[in-house]
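Visitor: Here it is: the structure, laid out below.
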Amino acid sequence: MEYVKGYGYSALPDLFLVPVSSLFLFWRKYTLIQPFLAIIGLKNTCNRTRSCRFKTINLSTQYPRIRVFFFILQYMSLFTASLNSGSNGNCYYVGNTEEAVLIDVGISCRELEKRMARIGLNIQKVKAIFISHEHTDHISGVRVTSKKYKIPVYINEGTRKGGRFEPENPLLCSFAAHQPVNIGELSITPFPKRHDAADPYSFVVEGNNTVIGVLTDIGSVCEHVRSYFKQCHAAFLEANYDEDMLMNGPYPFYLKKRISGDHGHLSNTQALELFRQHKADYMSHVFLSHLSKENNSPQVAQKLFEEHAGDTQVIVASRHYESDVYEIFPDAKVAIPKKAMQTSLF
Ligand SMILES: [Zn+2]
Ligand SMILES: [Zn+2]
């Protein structure tokens, strides 16, 4: 327990947290060994900084006991980030402390590596890539990333053909609607949606009793979108265009019709309607995603949602940069840190 010496702090008072946390974990179908593993790994958490609503606290030096508590809590949460979001490329990360999945890789492998490294995410923990549909902004980096890191790619037959992935590629795996795929302790459920692609899907990722949805490229809200969105503790939700900006903008008429049609993209208003009517009380974060460069503005979308968000934090996923890593808890009441958390654990 080097850390104890380093901070002149007795380990004993912290130990009372172990049985408490063990009960909590057991209730969440975890083995009792996990908190002890957490204690063994204490040394690794020395440089972690967490933000809360009021101030940023360095838990490593000032509040070691709180740090222990939060360290154990991370076994009850999921971590997520957008690596890019928009018609120029989409890639979303969801993981626990051991494994992670990417939903789409629409940026180059090199860019993905750079961005993940910048926010402390370890690409070696990515155990699967799930592909939503064959549009270039969702698949352009899949081949290289999968080949380089030997990551299986879950893709359905329509998308495989549309994206011209060779059927003999041993890393390709299939999935079926509403059938969860288990990747370690994560469970990924694909569901069909409306979009102008061969066989488009969206996904929810479940782990540690936390559900994170990735819902982009949706022409209109169907029953599937509605019912999976309702389950989410956090969701990447498409808010592609502002209706006035699209209609008064430079796009040709046929394109305006396609974007706003049933199989195009969700407008701010459509996304907001879904959010207002169907978000769970416990939803802690909504990431506005796939914003159009010409027909939307991050400020307009954020302001619109914030007026109706209540306790849910609204974040715009950038077309140009990776987001912070967000820790999502199954019960928002436990989630004292509401803002981004940078961590070197991943
Ligand atoms: Zn797209
Ligand atoms: Zn698309």
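Derivation of every value follows stated rules applied to the coordinates shown; laboratory data play no part. The structure presented is a predicted model; accordingly, all values stated were derived computationally and were not measured.
Visitor: Beyond 22 Å between alpha-carbons counts as too far, so tell me which of Lys127/Lys279; Lys125/Lys230; Lys257/Lys293 fall in that bin. Intermediate values should be presented prior to the final figure.
Guide: Working: Lys127/Lys279 29 Å; Lys125/Lys230 28 Å; Lys257/Lys293 17 Å.
Violating the 22 Å Cα-Cα cut-off are Lys127/Lys279; Lys125/Lys230.
Visitor: Further question: Rounded, prolate or oblate: pick one for the stretch 127-245, where a ≥ b ≥ c are the square roots of the eigenvalues of its C-alpha gyration tensor, a/c under 1.5 means rounded, and failing that, prolate if a/b is larger than b/c, else oblate.
Guide: oblate
Visitor: Give the percent of DSSP beta bridges with both residues in the stretch 83-328 that are antiparallel, rounded to the nearest 5. Provide the component values of the computation, followed by the final result.
Guide: Values: 19 of 41 bridges.
Given both bridge residues lie in the stretch 83-328, the antiparallel proportion sits at roughly 45 percent.
Visitor: Moving on to the next point. Starting at the first residue of the stretch 311-325, write each ³J(HN,Hα) from the Karplus equation 6.51 cos²θ - 1.76 cosθ + 1.60 with θ = phi - 60°, in whole Hz, x for Gly and Pro.
Guide: Calculated HN-Hα couplings, in order: 7, 7, 7, 9, 10, 8, 7, 6, 7, 10, 9, 6, 8, 5, 8 Hz.
Visitor: Is the stretch 254-323 best put as rounded, prolate or oblate by its Cα gyration tensor, with a ≥ b ≥ c the root eigenvalues, rounded for a/c under 1.5, and otherwise prolate when a/b is larger than b/c, oblate when not? List each step's numbers first, then the result.
Guide: Numbers: a/c = 2.21, a/b = 1.40, b/c = 1.58.
Because a/c hits 1.5 or more and a/b fails to exceed b/c, the stretch 254-323 counts as oblate.
Visitor: Applying the Karplus parametrisation 6.51 cos²θ - 1.76 cosθ + 1.60 with θ = phi - 60° to the phi angles of the stretch 247-254, what ³J(HN,Hα) value in whole Hz is obtained for each residue in order, glycine and proline being reported as x?
Guide: Ordered by residue, 3J(HN,Hα) equals 5, 9, x, x, 5, x, 4, 4 Hz.
Visitor: Quick one: which residues, 5 or more positions from Leu288 or on another chain, have an amide H under 5 Å from its amide H? H modelled 1.01 Å from N in the peptide plane, none for Pro or chain starts.
Guide: So Leu288 has HN proximity to Leu237, Ile315, Val316, Ala317.
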